[in-house]
Structures are given as structure tokens and as C-alpha cells.
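A quick write-up on the structure given underneath.
The values are calculated or read from the model by the stated rules, or taken from the named source; none is laboratory data. No experiment lies behind these values; they were computed from the predicted model shown. Neighbour counts are summed over all protein chains in view; Cβ atoms, including those assigned to glycine, are modelled from backbone coordinates with ideal geometry. Only protein heavy atoms, including side chains, enter the accessible area calculation; ligands, DNA and RNA are left aside. Shrake-Rupley method; radii C 1.70, N 1.55, O 1.52, S 1.80 Å.
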Amino acid sequence: MTTTTATDLGAFLDRVRAGREFGANVYSTLDVLQVLYDRVLRITPATLDDPDRDRFLLSKGHAVAGYYALLAARGFVPPEWLDDQGGPESRLGDHPDRTLVPGVEIGSGSLGHGLGLGVGTALGLRVQGRTEPRVYVLLGDAELDEGSNHEAIAYAGATRLGNLTAIVVDNRSATYGWPGGAANRFTVNGWSAATVDGRDHDALHTALTGHDGHRPHVVVAVVTDGE
């Protein structure tokens, strides 16, 4: 399996950056993205239309710079697309667009919609009898403040969507938080959960593959403030 080193990803990210500054919203997601695409997701540029592929949904769309860098590093988009990211003629907008960017499953905008779309995708796969594909949704901890996520969490738990995994990148940016930590918000609704160091690739891999297949699973990836 092809892997993407931090150096490789950094070189592509530099092309996206083009002198701009990125914040914690971008840097906090990079390790999770690497582990997902290098060691977990069953999807390649050759299987973009395979109905039995895994689905990755970036709900945290404003962190798209790292996602674009990863897609280029793994061959989903040409590297030269990165050089004009956000430009008037670019296909790589400041939020991803599934109609313009190969490998992108959903367009994103206002925070709070990705998990609900992930629930619908997972439910649709189950209705079709497709038991192999998993749906992975990447969210930020502040995004959990949106009420639509509470509904998605409750519904997924009640219907035991065992083919759904949420990844919450917790960089302590949430306004309200949750008593006992972000994972508790999910476990009270019947999810399994793991909380790990968001920079530890082996721990992330263990957590991402640690679902039991009988209920939805959440991985809380904790990163240091400011990263």
C-alpha cells in the first residue's frame, strides 16, 4: 500500500499555502487524514465509482487545504491544481465541491451538516444490502455545538448504524463542550467510542478499526491547543 509521509504531505500543502497562513483548523486534521487514506479507507483513484468503496465525508470543510494536499499526494487530483487553489478558475474552492473534485463525496459549507449526510449515506448503503462499505465523517469539536449533530448522533445510535464512523478532531475549540468529554456525547446514545492522541498514527489506526460492526463508532482525536 502506498503511504504518504509527513514530508510528502508537507510539500503538497506548501503548494496550497502559497504564502498564506493556515490555522489549527487545517493542521489539526493532517494526521487523521494520513491514517485514513494510508491505512483505513478502501478507496483509490481507480475505484471512485465503485459502489462498494468506503465513503469519506469532510464535514469540517473549512479545513480543506490539508484534504486537497492529501488528495494530490494520493493521485486523486493533479498536483498542479494545488497552485491555484481558491482562484477564480480553480476547481479547488475554499470548501470542497463533489461535482468538481475527484474523490470528494459531499460539498460542504455551513458546519453541522456532514454527520447527518453521513447517517443518510450509511442508512442508504444498509438498505441496498451493501455490508462491506463504511462511511467515515470528519468533524471538528466546535461543530458538535450545532443542533443538527445531536439529531444525527441520536438517530444513528437508535438505528444501530454499524457501518458509520465519526472522527471528531478535538482541539478544544468548542464553545460549550460536553460533560466528561466529547465521546460521552455519543456513548449516551449507544455509540462505541475511543479517545486517542490525534498525532499518534498507530493509536489512530487502532481506534479507527476498533468498531464492532453492530453500532456506530466515534473516534475522538485530541490535539494540543493551537495545533
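Of note:
- Counting only protein chain heavy atoms and rolling a 1.4 Å probe, the accessible areas of TRP178, TRP191, TRP81 rank, largest first, as TRP178, TRP81, TRP191.
- Note that segment 145-227, at 25 °C in a medium of 0.890 mPa s, gets a Stokes-Einstein diffusion coefficient of 189 µm²/s from its Kirkwood radius over C-alpha pairs.
- Under a 5 Å amide H cut-off, with hydrogens placed 1.01 Å from N, VAL220 pairs with VAL168, ALA194, THR195, VAL196 among residues at least 5 apart or on other chains.
- Top positive-direction residue, dipole computed over segment 152-208 with Cβ charges, set THR206, LEU164, VAL196: LEU164
- Contact order relative to length of segment 16-93, as percent, for alpha carbon pairs under 8 angstrom and 6 or more apart: 33
- Here ASP197 and GLU80 are evaluated by their C-beta separation; at R0 = 35 Å the FRET efficiency comes out at 0.50.
- Net charge of neighbours whose Cβ lies under 11 Å from the Cβ of GLY162, counting Lys and Arg as +1 and Asp and Glu as -1: +3
- Once the Cα-Cα distance is subtracted from the 0.36 nm per residue extended length, the HIS205 to HIS95 segment shows a gain of 37.0 nm.
- Each pair of Cα atoms in segment 31-150 enters the Kirkwood radius, and Stokes-Einstein at 37 °C and 0.692 mPa s then converts it into a translational diffusion coefficient of 220 µm²/s.
- Per-residue HN-Hα couplings for segment 61-71 [Karplus 6.51, -1.76, 1.60; θ = phi - 60°; Hz; x = Gly/Pro]: x, 6, 9, 5, 4, x, 5, 4, 4, 5, 4
- For the chain: relative contact order, % (alpha-carbon pairs under 8 angstrom, 6 or more apart): 20
- Net charge in the neighbourhood of GLU80 (other residues with Cβ under 13 Å of its Cβ; Lys, Arg +1, Asp, Glu -1) is -1.
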